[in-house]
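Chemist: Submitted below is the structure of interest, expressed as structure tokens.
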Amino acid sequence: MAFQEIPVVSLQDWTRPGADRTTFADRLRVICHEVGFFRLVDHGVERSFLDDYFTALRTFFALPEEAKAQIDKLNSPWFRGWERVGAELTDNRVDHREQIDVWTELDPRHPDVEPAYLRLEGPNQWPDDTLPHFRELVERFQREMGAIADQLMAAMSIGLGLPADHLDRHFGERRMSLVKLIRYPPTPAGEAGVNAHHDTGFLTLLWQHGVPGLQVENQDGDWIDVPADGDAIVVNLGEMLQSMTGNYFVATNHRVIVSAERYSSGYFHGPGLTTSLAPLPLDPRFAEAVAASPHHLSAGFMAKRDELLAGAAGTNSAPVDTYGQQLWNYFTRSYPELVRRHHPDLLTTS
């Protein structure tokens, strides 16, 4: 049956002393199989920190455009920094939002390193001293969301019949996680703040900061509104986890359409770029469940850049072999101008 609301999950049912972790993991497995989205409460993130963080977020986006442009993403070969409204494409359609992308800080590779996706490792761009605590707050946000994501991964592993540390060990050493800070102006008629899509990566933790606009597509093609009340973190799965579970877990289509200004903060939990997307060693019953469900059997992946240029759209593409290639496909279809500016040697393959 098609879901009609987004389930609520309490993290305390996993973390409190004496918690029945097996029951929690089993419920989480069912939600990830049937919905791919849930709202996480009782996560322990301090309200005072969130207030300070949100103040810093709003302060940055209130700066004059020339000040924000000091960290323009167009100047970053590593696809990091601020971008204007309309700079990103989703499914080859313009998104009506401005945002900052902050990835895990890593030493950059040689500019011509192969495979090309290793070029994504590098430094972030940060505002100058006019926002003295901005970096500190964003990096704390990244750490705290990463710790919560690790807890969820352990529960997902158990739910899939694997050791609790299976996915954590699979992630490797040079991990690449993203914090995306976003401001949505009111969405023009017939457009979207961000167009319908699957998330590229593994696990997404999203703060809506009190303003709704996020919608999730159910199995009947209906768009379900995600509440934005309280301090719930919206959690959803990305295409990487869908691929590794053989479509047992699903990356669910979603979009944002707003009638008023909206801010959001997304954390995208990721492994090292060379991490394989080979199937996890799962019990055959999971593959049997997929085979028995047309919805899961037909679940696809976002089109690559060359497929979009050839007229494809939506989620009809095939999975790839590594996390890095998955990210590279996302960047090349979403930021073709950046690829032309910084990686022109790859134009024939991206």
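Chemist: Can you pull out the residues in the range 176-210 that are among the charged types (D, E, K, R), closer than 30 Å to Asp321 by Cβ and modelled with pLDDT of 95 or more?
Modeler: Lys180
Chemist: Could you tell me whether Phe249 is among the aromatic types (Phe, Trp, Tyr), within 17 Å of His33 (Cβ to Cβ), crowded, with 21+ Cβ neighbours inside 10 Å and under 18 Å from the mean Cα position of the chain (by Cα)?
Modeler: Taking the combined requirement at face value, the residue satisfies it.
Chemist: For the subset of the range 224-246 comprising residues that are free of Cβ contacts under 8 Å to residues at least 60 places away in the same chain and farther than 22 Å from Val290 by Cβ, which member is surrounded by the most Cβ atoms within 10 Å (Cβ to Cβ)?
Modeler: Ala228
Chemist: Taking the range 116-134 on its own, how many of its residues are in contact with a Phe, Trp or Tyr (Cβ under 8 Å, 6 or more places away or on another chain) and part of a loop (DSSP other than H, G, I, E, B)?
Modeler: Residues flagged as in contact with a Phe, Trp or Tyr (Cβ under 8 Å, 6 or more places away or on another chain) and part of a loop (DSSP other than H, G, I, E, B) within the range 116-134 amount to 8.
Chemist: Listed residues Gly161, Gly193, Gly172; which is touching a Lys or Arg at 6+ places or on another chain (Cβ under 7 Å) and touching a residue at least 60 places away in the same chain (Cβ under 8 Å)?
Modeler: Just a single option satisfies the conditions, and that option is Gly193.
Chemist: What is the number of the single condition among (1) outside any strand (DSSP E or B); (2) within 21 Å of the chain's Cα centre (by Cα) that Leu63 does not meet?
Modeler: Of the numbered conditions (1) outside any strand (DSSP E or B); (2) within 21 Å of the chain's Cα centre (by Cα), the odd one out for Leu63 is (2).
Chemist: Select from the range 276-286 the residues that are under 25 Å from the mean Cα position of the chain (by Cα) and either in a helix (DSSP H, G or I) or of a type in the set (A, V, I, L, M, F, W, C) (or both) and list them in ascending order.
Modeler: Matches in the range 276-286: Leu277, Ala278, Leu280, Leu282, Phe286.
Chemist: Something else about it: Which residues, taken from the range 274-289, are surrounded by 19 or more Cβ atoms within 10 Å (Cβ to Cβ) and at pLDDT 95 or above?
Modeler: Leu280, Phe286
Chemist: Go through Gly213, Gly266, Gly311, Gly221 for me and flag whichever is at pLDDT below 95 and either exposed (fewer than 15 other Cβ atoms within 10 Å of the Cβ) or not β-branched (Val, Ile, Thr) (or both).
Modeler: Going through Gly213, Gly266, Gly311, Gly221 in turn, just one is at pLDDT below 95 and either exposed (fewer than 15 other Cβ atoms within 10 Å of the Cβ) or not β-branched (Val, Ile, Thr) (or both): Gly311.
Chemist: Within the range 66-86, count every residue that is within 21 Å of Tyr117 (Cβ to Cβ), among the small types (Gly, Ala, Ser) and not in a strand (DSSP E or B).
Modeler: Total satisfying the criteria: 1.
Chemist: What are the pairs with Cβ atoms under 7 angstrom where one residue, in the range 135-146, is farther than 20 Å from Arg58 by Cα and touching a residue at least 12 places away in the same chain (Cβ under 8 Å) and the other, located anywhere, is small (Gly, Ala, Ser) and not in a helix (DSSP H, G or I)? Sequence gap at least six, or different chains.
Modeler: From residues that are farther than 20 Å from Arg58 by Cα and touching a residue at least 12 places away in the same chain (Cβ under 8 Å), the pairs are Gly146/Ser177.
Chemist: Which one of these is within 30 Å of His296 (Cα to Cα) and touching a residue at least 12 places away in the same chain (Cβ under 8 Å): Leu106, Leu89, Leu57, Leu118?
Modeler: Just a single option satisfies the conditions, and that option is Leu89.
Chemist: A further question follows. Which members of the range 28-41 meet the condition of being surrounded by fewer than 16 Cβ atoms within 10 Å (Cβ to Cβ) and either farther than 19 Å from Thr245 by Cα or in contact with a strand residue (DSSP E or B) (Cβ under 8 Å, 6 or more places away or on another chain) (or both)?
Modeler: Of everything in the range 28-41, just one residue is surrounded by fewer than 16 Cβ atoms within 10 Å (Cβ to Cβ) and either farther than 19 Å from Thr245 by Cα or in contact with a strand residue (DSSP E or B) (Cβ under 8 Å, 6 or more places away or on another chain) (or both), namely Val41.
Chemist: Which one of the conditions (1) touching a strand residue (DSSP E or B) at 6+ places or on another chain (Cβ under 7 Å); (2) within 22 Å of Arg255 (Cα to Cα) does Ile71 fail to meet, given that it meets all the rest?
Modeler: Unmet condition: (2).
Chemist: Considering only the range 133-163, state which residues are more than 30 Å from Thr55 (Cβ to Cβ), surrounded by 15 or more Cβ atoms within 10 Å (Cβ to Cβ) and of a type outside the set (Ser, Thr, Tyr).
Modeler: The answer is Met153, Ala154, Ala155, Met156, Ile158, Gly159, Leu160, Gly161, Leu162.
Chemist: If I filter the range 77-101 down to residues being surrounded by fewer than 23 Cβ atoms within 10 Å (Cβ to Cβ) and among the β-branched types (Val, Ile, Thr), which single residue comes out as modelled with the lowest pLDDT?
Modeler: Looking at the filtered set, the residue picked out is Thr90.
Chemist: Can I ask one more? If Trp328 meets every condition in (1) part of a helix (DSSP H, G or I); (2) at pLDDT below 85; (3) surrounded by 16 or more Cβ atoms within 10 Å (Cβ to Cβ); (4) not hydroxyl-bearing (Ser, Thr, Tyr) apart from one, which number is that one?
Modeler: Every listed condition holds for Trp328 apart from (2).
Chemist: Still on this structure, I have one more. In the range 163-177, what residues are basic (Lys, Arg) and not in a loop (DSSP other than H, G, I, E, B)?
Modeler: Of everything in the range 163-177, those that are basic (Lys, Arg) and not in a loop (DSSP other than H, G, I, E, B) turn out to be Arg169, Arg175.
The values are calculated or read from the model by the stated rules, or taken from the named source; none is laboratory data. This structure is a prediction, so every number in the text was calculated from the model and none was measured. So basically every Cβ, Gly included, is an ideal-geometry build from the backbone, and we count neighbours across all protein chains shown.
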